[in-house]
1. Taking Arg116 as meeting all but one of (1) within 18 Å of Gln12 (Cα to Cα); (2) modelled with pLDDT under 85; (3) surrounded by 14 or more Cβ atoms within 10 Å (Cβ to Cβ), write down the number of the exception.
2. Quick check: anything in the stretch 88-104 modelled with pLDDT under 85, of a type in the set (D, E, K, R) and within 18 Å of the chain's Cα centre (by Cα)?
3. Could you check the stretch 40-71 and list, in sequence order, the residues that are within 30 Å of Arg108 (Cα to Cα) and in a helix (DSSP H, G or I)?
4. Restricting attention to the stretch 47-54, does a residue exist that is modelled with pLDDT of 90 or more and either loosely packed, with under 12 Cβ neighbours inside 10 Å or within 19 Å of the chain's Cα centre (by Cα) (or both)?
5. State yes or no: is Pro81 surrounded by fewer than 14 Cβ atoms within 10 Å (Cβ to Cβ) and at pLDDT below 90?
Amino acid sequence: MYELARKHCGRQPEWRVSVATLHKKSGSAAPIRVFRAALRRMIADGHLPDYHMAEDSGDVIRFTRAGAVVEDVEAAGGQGPLLSADALDAARGLVPGEDIYALEAQWRAWWAETGRPVLRNADQAFLGWIKKRGA
């Protein structure tokens, strides 16, 4: 499950998948009802590293990255801060050895706490925050 969550979540805040599709992707030989019960146990235990699992209506499982700030883009006026791969690479150069995705989550939390201001350039805002943080 961990490898599937890691592959499919990628840079998305979450991955939603039907139990039937997840059953196929996992390669499980168990009947789907047994597989579904195992998923519910995994959800209850909450021991999947780096990810949270939840069961949604419609026989769907939702995976979210632990520690990721899932922003409500609608509340942000449709202008949620999306960072480019180039910005993340530049940030890696500014703070070598640090977990850039953890920093991204901290920045998004800070952005939300400051009232979700509209950003003209989220990449520059993130890199500026990184520089200021390191000063």
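1. (1)
2. no
3. Those that are within 30 Å of Arg108 (Cα to Cα) and in a helix (DSSP H, G or I): Met42, Ile43, Ala44, Asp45.
4. yes
5. no
The values are calculated or read from the model by the stated rules, or taken from the named source; none is laboratory data. As the structure is a prediction and not an experimental result, all values here were calculated from the model. Note: ideal-geometry Cβ built from the backbone for every residue, glycine included; neighbour counts use all protein chains shown.
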